[in-house]
Amino acid sequence: MPQYDLYHNEVKNALSKDGWTITNDPYTLEYKGLRLYADLGA
């Protein structure tokens, strides 16, 4: 799993305060044997 960047928690908190629901942290995508990570799924 990759390391979060400096602003990850601040962005996550701002989205939550704005009414977003964080569904995945990180959001993992798998395609043809590759595993990719997006910061958040919301």
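Observations, loosely collected:
- Complete set of residues in segment 23-42 that are part of a loop (DSSP other than H, G, I, E, B) and modelled with pLDDT under 90: Thr23, Asp25, Pro26, Asp39, Leu40, Ala42
- Tabulated pairs, segment 2-20, first surrounded by 10 or more Cβ atoms within 10 Å (Cβ to Cβ), second of a type in the set (Val, Ile, Thr) and not in a helix (DSSP H, G or I), C-beta under 7 angstrom, 6+ apart or interchain: Lys12/Ile22; Leu15/Ile22; Ser16/Ile22
The values are calculated or read from the model by the stated rules, or taken from the named source; none is laboratory data. In this text the structure is predicted, and so the values were computed from the model without any measurement. Cβ sites come from the backbone with ideal geometry, for glycine too, and all protein chains shown count toward neighbours.
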